[in-house]
1. Taking 0.36 nm per residue of sequence separation and subtracting the Cα-Cα distance, how much length would be gained by fully extending the chain between Glu2 and Gln181, in nm to one decimal?
2. Residue-wise, which Karplus ³J(HN,Hα) couplings in Hz belong to region 240-246, taking 6.51 cos²θ - 1.76 cosθ + 1.60, θ = phi - 60°, and x for glycine or proline?
3. Please report Rg over Rh for region 3-284, where both radii come from the alpha carbon positions and Rh follows the Kirkwood definition.
4. Placing unit charges on C-beta atoms (Lys and Arg positive, Asp and Glu negative, everything else neutral), compute the dipole magnitude of region 3-284 about its Cα centre in debye, rounded to 20.
5. Positive end of the charge dipole of region 3-284 (Lys, Arg +1 and Asp, Glu -1 on Cβ, about the Cα centre): tell me which of Pro32, Leu115, Pro90 has its Cα farthest that way.
6. So how much slack lies between Arg160 and Thr61, counting 0.36 nm per residue of separation and subtracting their Cα-Cα distance, in nm?
7. What accessible area per residue, rounded to a whole number of Å², is obtained for region 3-284 using a probe radius of 1.4 Å?
8. Quickly rank 149-158, 216-225 as a protection proxy: mean count of other C-beta atoms within 10 Å, highest first.
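The values are calculated or read from the model by the stated rules, or taken from the named source; none is laboratory data. Treat the numbers as computed from the prediction; the structure is a model and nothing was measured. As a convention, Cβ positions derive from the backbone with ideal geometry for all residues, glycine included, and neighbour counts pool all protein chains shown. For the accessible areas, the whole protein counts, side chains as well, though only heavy atoms, and no ligand, DNA or RNA atoms are used. Shrake-Rupley method; radii C 1.70, N 1.55, O 1.52, S 1.80 Å.
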Amino acid sequence: MEEKIKERIAKHPCYSEEAHHHYARMHVAVAPACNIQCNYCNRKYDCANESRPGVVSELLTPEEAAHKVLVVASKIPQMTVLGIAGPGDPLANPEKTFRTFELIADKAPDIKLCLSTNGLMLPEYIDRIKQLNIDHVTITLNTIDPEIGAQIYSWVHYKRKRYRGVEGAKILLEKQMEGLQALREADILCKVNSVMIPGINDQHLVEVNKMIRENGAFLHNIMPLISAPEHGTHFGLTGQRGPTSSELKSVQDSCSGNMKMMRHCRQCRADAVGLLGEDRSQEFTLSINCQNHPPPKFSASFGSQGLVYNPANGNR
Ligand code: SF4
């Protein structure tokens, strides 16, 4: 990995294997809707592109989310990164997503912002992403072949119309490719997630890896399909199996000659808080922490001394 990229991700626990021991991250779940249907996802749960399937996060308004970020930052000083990864697709909920980022950028400008998306609306919102100084974006890209895509996505909803099969997969792929290039032009770091689905895209992921590397992605995270029937996903109900750990490792190894592979991903919840592998989200739920501190008059701010609360309303 280039030195200048290493510097940029040095404090990002999701991207740097070293940083994940020392720096904490936080996800806020403000984005419920999604604009595609992946066959490994049940929309009763969080986005399976980013989280372990079967997890339900606490949905917040942008104001609640920004308030929670300030509370958490005051209690976990190593918190360096705030991400929006669901519970649906952040860019299918642009107003909620960008409002949250705006509030946080205003009150806690030192916190790095990142978002994860299926990529469908990425070209549309790239200017807003740039304006907000979001410097890391994750795209989930499972294939560069629409025929394979048709086996992974049930439908794609784009510009008020629902597309199925190869037609839908083509639109998604086109937008993902445009998004990748736009991120590169904007000098925004891009990681790619791919879900490995045996018999569908497992043999094809080396090609995906080559393409994303040529288009500027700096990190590739190949994640195993999790398809337990009790999660109620299409793949879970039709018996599609996930890869064994040796199959996963073998595909990661075949790609690793090409670029840095990510192997420490924990498939965090959309409301994860804390160090990777030490989730503290349950300490910071609305009912526990925010009940006595109703969403905010934004009485907290970051100053040279760190987080400063305005004593006037005692919001501490
Ligand atoms: S993009 Fe995420 S939320 Fe949308 S269907 Fe796929 S896994 Fe589910």
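1. 62.6 nm
2. Per residue, the Karplus-derived 3J(HN,Hα) values read 5, 8, x, x, 6, 5, 6 Hz.
3. On the way: Rg = 17.4 Å, Rh = 18.6 Å.
Ratio value, two decimals: 0.93.
4. The dipole magnitude comes to about 200 debye.
5. So the residue furthest toward the plus end is Pro32.
6. Residue separation times 0.36 nm, minus the Cα-Cα distance, leaves 33.2 nm.
7. 40
8. 216-225, 149-158
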